[in-house]
Amino acid sequence: QYKLTPFQGPVEITLNARQDYWKNMDSISQVTSSSGQVSGGAKPFKSDNGFNPSAAVKYHFNDNLSFRGSAYKSFRTPGLNNTYRSYGNTTATYFANADLAPEKLKGFELGVDYKNSLFSLSGTYFNYEISGLNYSYTVGKYKGYDSLTHVNGEYNNPSESAQIINLCGGDPVLSGYSGVC
């Protein structure tokens, strides 16, 4: 990171550069259903890298008012919980996704800062473009009801039920179910 104030003037410039590298090798993702059926297996080797620069400028208009702007890129790898650890607690079930890869973000910000002896006020506009967003799918409570609760033979949230059935390889509340949930 490099900070400079040209000619000791009202402008501050910050430049930053970072190189990231990620690899995921020798990974295995298996699920055992309630009937003992094992699915999944070895996952292919994956790697990725990203050059992530950023530049920021701050202009001190006077002692009370400043304007600022920045542009940047970033790189975030999926964690073990995102990738391999499906788990549940009393409020939700979290499904991991072993096929995740790093997410990449490009963004910019514009802002203004005002301060005086009584208060300070700041405002920022930002814009992000994210590709490969990393998250774990969550099945949880919906409007006070358990997501898997049937009401008159139907799930109380049809759009969520379709995702549950897809993730679980069938409807886990039906008798005879032998999927992965």
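Here are some notes:
- Of the residues making up segment 89-96, not a single one is in contact with a Gly (Cβ under 6 Å, 6 or more places away or on another chain), surrounded by fewer than 17 Cβ atoms within 10 Å (Cβ to Cβ), of a type in the set (A, V, I, L, M, F, W, C) and within 21 Å of Gln1 (Cβ to Cβ).
- Candidate set from segment 63-80 (those that are open to solvent by 70 Å² or more (accessible area, probe 1.4 Å) and modelled with pLDDT under 95); member that is nearest to Gly132 (Cα to Cα): Arg76
- Tally of residues being in a strand (DSSP E or B) and either under 22 Å from the mean Cα position of the chain (by Cα) or aromatic (Phe, Trp, Tyr) (or both) across segment 58-67: 2
- Enumeration of residues in segment 98-118 that are of a type outside the set (A, V, I, L, M, F, W, C), touching a strand residue (DSSP E or B) at 6+ places or on another chain (Cβ under 7 Å) and open to solvent by 40 Å² or more (accessible area, probe 1.4 Å): Lys104, Lys106, Glu109, Tyr114
- Within segment 26-62, being modelled with pLDDT under 90 and closer than 30 Å to Gln8 by Cα holds for no residue.
- Hits in segment 27-79 (condition: more than 27 Å from Lys104 (Cβ to Cβ) and of a type in the set (Ser, Thr, Tyr)): Thr32, Ser33, Ser34, Ser35, Ser39, Tyr59, Ser66
- Residue in segment 68-79 that is over 22 Å from the mean Cα position of the chain (by Cα) and hydrophobic (A, V, I, L, M, F, W, C) present: no
- Among the residues of segment 115-148, those that are outside any strand (DSSP E or B) and either hydroxyl-bearing (Ser, Thr, Tyr) or modelled with pLDDT under 95 (or both) comprise Ser117, Gly132, Leu133, Asn134, Tyr135, Ser136, Lys143, Gly144, Ser147, Leu148.
The values are calculated or read from the model by the stated rules, or taken from the named source; none is laboratory data. Every value quoted in this text rests on a predicted model; they were computed, and no experiment measured them. Neighbour counts are summed over all protein chains in view; Cβ atoms, including those assigned to glycine, are modelled from backbone coordinates with ideal geometry. Accessible surface areas use protein heavy atoms only, side chains included; no ligands, DNA or RNA. Shrake-Rupley method; radii C 1.70, N 1.55, O 1.52, S 1.80 Å.
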